[in-house]
Amino acid sequence: MKNKKTLYIILFSILLIILLAFAIWMFIAGAAEKLTYEQFESLMRQNSINQNSLEEKIINGVHVISGTYQKDGTIHKFTVGINNQQYDYLLNDPIFRDFVRNIVTNQELQSPIWAIIQSTLPILIMILFYIWIFSSMAKGGMGGGILGGKSQRPRQIKSDVKFSDVAGINEEKTELVELVDYLKNPNKYAMMGARVPKGVLMEGPPGTGKTLLAKAVAGEANVAFFTMAGSEFEEMFVGLGASRVRDLFGDAKKAAPCIIFIDEIDAVGRKRNTAMGSATNEQTLNQLLVEMDGFGSNSGVIVMAATNRVDVLDPALLRPGRFDRTIQISLPDIREREAILKLHARNKSVSPEIDWKRVAERTPGFSGAQLENVLNESAILVVRNKRKMITLNDIDEAIDRVVGGPAKKSRAMTVQDKKVVSYHEAGHALIGLKLDSASKVQKVTIIPRGNAGGYTIMTPKDESNFSSKEDLYSSIAGYLGGRASEEIIFGKNKITTGAHDDLDKATNIARRMVTQFGMSSLGLTKYLTMQEESYGQTKGVYSDEVAFKIDNEINTILENCYKTAHGIISKNLPLLELIAESLRVLETITAEQIEYINKYNKLPEEVIKEKERMEKEEKKKNAGEILEFEPDDDEKK
Ligand code: ADP
Ligand code: ZN
């Protein structure tokens with residue numbers, strides 16, 4: 001791609017040089033005085049024109065005569081344009097006849113084709129050049145041209161998504177039903193003088209169905225759906241983004257009633273005059289504002305936009321008459337997850353034993369897109385293993401894949417690694433088990449995935465929207481449980497980097513408790529807005545002294561929670577050992593197995609069996625090694 005670009009630049013430069021040479025040549029050659037017909041005629045009458053210097057070209061039906069004349073003793077170059085009528089007149093005039101005939105003879109010496117080429121070449125080159133520039137701009141893609149533009153026209157698609165294809169988010173759907181009705185009969189609303197929102201902003205994490213919902217509105221209303229992502233407006237050339245916005249709204253108005261969907265609107269709609277916005281961006285945003293103000297509220301165009309960051313949007317976007325309605329879409333709760341899973345399982349062959357409620361329980365924090373992905377991955381597993389139906393096992397495996405990439409079964413884990421990870425994860429699990437308000441442990445594994453050595457999946461015990469101070473303390477203790485367990489088992493100097501991610505999460509909660517939730521000795525002051533925090537701003541909002549206090553306070557919370565975790569694990573060492581051992585044997589243990597261990601204080605049946613099998617194999621292997629070793633020894637002797 002890069003080579004292609006260089007080639008374009010070289011071509012471009014050559015063209016420029018040719019053009020320049022042409023211009024200079026034209027300038028030198030054409031440094032002639034332009035005469036009017038009358039001046040020419042009078043010069044002929046005065047007999048000052050040099051008969052032999054005359055040359056004639058016909059350009060676009062005009063006889064262009066060039067030559068020299070004498071005046072005051074000096075020779076002047078001249079050109080004159082004579083139309084056919086004047087030419088005929090000259091030809092028939094007894095005084096000028098011979099004069100003109102002479103020129104005619106001259107003209108025959110020059111090839112008319114050459115004359116045409118000569119006169120039109122510069123224009124031709126210019127036209128070709130422009131065609132080339134514009135086509136390369138429109139083509140898009142990296143190699144598309146020197147301007148590196150992306151696809152320029154907005155995409156118009158026909159949506160056949162219906163509300164029934166969107167599971168959960170019921171209240172939000174109800175809100176949108178009215179819009180559908182409006183798109184179906186805009187006149188009804190216009191006649192009543194009812195004002196329908198022009199812009200609807202959907203805020204929510206990625207994959208929660210914002211695009212899907214916008215498509216469903218278009219599909220239900222059976223209207224055109226224009227879509228463009230905010231990032232497509234970001235251009236290296238100032239003005240291109242703005243012109244795309246113009247195109248988008250221009251096309252949409254022609255196709256009304258319709259929906260315009262702008263994904264990731266934060267890419268263009270960032271607050272102006274911030275460090276993160278650029279001049280280009282500002283122009284694009286201004287154009288967007290102008291366009292939104294430009295169409296009447298009953299023009300049949302509704303703009304839907306999606307973002308996961310309302311806080312970074314320019315407030316101007318949110319004023320009445322623009323995006324005056326905001327719909328919050330959050331990650332699906334357990335019931336919504338169940339509905340989404342069922343919806344996407346519709347067209348797959350699934351074993352009847354699967355209880356979707358249980359699967360939903362195991363997928364806290366998953367977005368709709370991730371749930372869809374889980375089912376897709378399960379289907380792929382079924383195909384790969386040449387089976388007929390998706391089973392609970394497939395779904396389990398798929399969940400793990402979606403959480404952290406395919407299991408790295410091949411990655412060899414040393415015995416020591418396995419030991420460390422088993423105690424680390426057992427620590428998390430134990431806190432979950434023993435701290436009342438902590439989350440419920442769903443599954444613990446020491447199989448490495450992605451960057452994590454192992455992980456523990458926990459779910460909130462109830463699906464309340466609020467977390468109490470106690471809940472937050474428990475969560476932090478849970479995150480710190482891994483490190484505490486490592487320290488207790490291996491000693492202060494043997495702790496590992498495995499807790500890195502846990503510390504990150506724990507610190508985040510603690511920071512928010514202090515700066516946002518007013519849950520520390522610093523009182524109720526809210527120190528950081530979400531936006532300031534997301535800009536990575538940590539200072540300037542408050543004094544260094546307060547910053548120091550905040551850091552201290554966070555540290556105190558973390559220390560206290562660590563003590564809690566440490567205490568719980570120290571008091572339950574036998575339980576920790578049992579969980580860790582089960583993990584080393586089975587690698588993955590379920591909530592049921594952990595509960596069994598907790599209740600009966602012994603290893604579950606399946607662990608014991610597996611352990612015995614492993615020990616037998618180990619013995620066999622050792623025996624084999626000795627046998628293999630002996631002949632080797634003999635040879636050496
Ligand atoms: P967003 O625009 O919020 O990032 P999308 O609308 O692109 O998310 O969702 C991606 C995919 O996830 C959808 O095509 C759909 O398959 C699935 N999905 C997400 N949310 C839902 C939902 N509530 N119901 C059904 N499917 C969903
Ligand atoms: Zn951990």
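The values are calculated or read from the model by the stated rules, or taken from the named source; none is laboratory data. These figures come from a predicted structure and were not determined experimentally. Every residue, glycine among them, receives a Cβ derived from its backbone with ideal geometry; neighbour counts consider all protein chains shown. Each accessible area value is taken on the protein alone, full model and side chains, heavy atoms only, with ligands, DNA and RNA left out. Shrake-Rupley method; radii C 1.70, N 1.55, O 1.52, S 1.80 Å.
When SER378, SER367 are checked against the criterion of being touching a strand residue (DSSP E or B) at 6+ places or on another chain (Cβ under 6 Å), at pLDDT 85 or above and either open to solvent by less than 30 Å² (accessible area, probe 1.4 Å) or under 22 Å from ILE446 (Cα atoms) (or both), SER378 stands alone in meeting it. Answer yes or no as to whether GLU605 is open to solvent by less than 100 Å² (accessible area, probe 1.4 Å), out of contact with any helix residue (DSSP H, G or I) (no Cβ under 7 Å at 6 or more places or on another chain) and at pLDDT 85 or above. Taking the combined requirement at face value, the residue does not satisfy it.
Quick grid of which residues meet (1) assigned by TED's automatic domain parsing to the domain that holds LEU343; (2) open to solvent by 10 Å² or more (accessible area, probe 1.4 Å); (3) touching a helix residue (DSSP H, G or I) at 6+ places or on another chain (Cβ under 6 Å):
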{"residue": "GLY209", "(1), (2), (3)": "no, yes, yes"}
{"residue": "GLY219", "(1), (2), (3)": "no, no, no"}
{"residue": "THR227", "(1), (2), (3)": "no, yes, no"}
{"residue": "ALA255", "(1), (2), (3)": "no, yes, no"}
{"residue": "ILE260", "(1), (2), (3)": "no, no, yes"}
{"residue": "GLU264", "(1), (2), (3)": "no, yes, yes"}
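Taking the conditions exactly as written (within 16 Å of ligand 1 (Cβ to nearest atom) and at pLDDT below 85), does GLU203 satisfy them or not? The answer is no for GLU203.
Run down LYS602, LYS549, LYS563 and say which single residue is in the same structural domain as GLY491 (by TED's automatic domain parsing), over 18 Å from LYS419 (Cα atoms) and not in a helix (DSSP H, G or I). Outline the logic, then answer.
Numbers: LYS549 fails: not in a helix (DSSP H, G or I); LYS563 fails: not in a helix (DSSP H, G or I).
The match here is LYS602.
Checking each residue in segment 314-341 for being assigned to a helix (DSSP H, G or I) and surrounded by 18 or more Cβ atoms within 10 Å (Cβ to Cβ) picks out LEU317, GLU336, ARG337, GLU338, ALA339, ILE340, LEU341. Annotation note: Cβ proximity below 6 Å between a residue of segment 507-519 that is under 18 Å from PHE466 (Cβ atoms) and a residue that is outside any helix (DSSP H, G or I) and open to solvent by 60 Å² or more (accessible area, probe 1.4 Å) (sequence gap 6+ or interchain) occurs for GLN516/LYS526; GLY518/LEU524. Only one entry of ILE446, ILE476 meets the criterion of being open to solvent by less than 40 Å² (accessible area, probe 1.4 Å), modelled with pLDDT of 90 or more and within 13 Å of ligand 2 (Cβ to nearest atom), and that entry is ILE476.
Considering only residues that are modelled with pLDDT of 80 or more and either in a loop (DSSP other than H, G, I, E, B) or more than 16 Å from ligand 2 (Cβ to nearest atom) (or both), look in segment 401-428 and name the one that is most open to solvent (accessible area, probe 1.4 Å). Result: GLN416. Could you check, for segment 232-253, whether at least one of its residues is touching a residue at least 12 places away in the same chain (Cβ under 8 Å), open to solvent by 10 Å² or more (accessible area, probe 1.4 Å) and within 16 Å of ligand 1 (Cβ to nearest atom)? Scanning segment 232-253, I find at least one residue that is touching a residue at least 12 places away in the same chain (Cβ under 8 Å), open to solvent by 10 Å² or more (accessible area, probe 1.4 Å) and within 16 Å of ligand 1 (Cβ to nearest atom), so the answer is yes. Is there any pair linking a residue in segment 330-350 that is of a type in the set (D, E, K, R) to one that is part of a strand (DSSP E or B), with Cβ under 7 Å and at least six apart or on different chains, and which? Close Cβ pairs satisfying both conditions: LYS348/ILE390.
Taken together, ILE117, ILE125 contain a single residue that is at pLDDT below 75, of a type in the set (A, V, I, L, M) and away from ligand 2 (no atom under 16 Å from the Cβ), which is ILE117. If the condition is being open to solvent by 30 Å² or more (accessible area, probe 1.4 Å), within 13 Å of LEU558 (Cβ to Cβ) and not hydrophobic (A, V, I, L, M, F, W, C), then segment 481-511 contributes ARG483, ASP504, LYS505, THR507, ASN508, ARG511. Can we say ASP93 is open to solvent by 40 Å² or more (accessible area, probe 1.4 Å) and out of contact with any helix residue (DSSP H, G or I) (no Cβ under 8 Å at 6 or more places or on another chain)? Criteria not met by ASP93.
Kindly check whether there is at least one residue in segment 150-170 that is at pLDDT below 80, among the small types (Gly, Ala, Ser) and in contact with a helix residue (DSSP H, G or I) (Cβ under 8 Å, 6 or more places away or on another chain). Yes.
Residues are listed down the side, and each one gets a yes or a no for (1) in contact (Cβ under 8 Å) with a residue 12 or more places away in the chain; (2) within 30 Å of MET126 (Cβ to Cβ):
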{"site": "PHE22", "(1), (2)": "yes, yes"}
{"site": "LEU35", "(1), (2)": "yes, yes"}
{"site": "HIS63", "(1), (2)": "yes, yes"}
{"site": "TYR69", "(1), (2)": "yes, no"}
{"site": "THR74", "(1), (2)": "no, no"}
{"site": "PHE78", "(1), (2)": "yes, yes"}
{"site": "ILE82", "(1), (2)": "yes, yes"}
{"site": "TYR89", "(1), (2)": "no, no"}
{"site": "ASP93", "(1), (2)": "no, no"}
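Answer yes or no: is there a residue in segment 305-323 that is within 13 Å of ligand 1 (Cβ to nearest atom), assigned by TED's automatic domain parsing to the domain that holds PHE226 and among the polar types (S, T, N, Q). Within segment 305-323, one or more residues are within 13 Å of ligand 1 (Cβ to nearest atom), assigned by TED's automatic domain parsing to the domain that holds PHE226 and among the polar types (S, T, N, Q).
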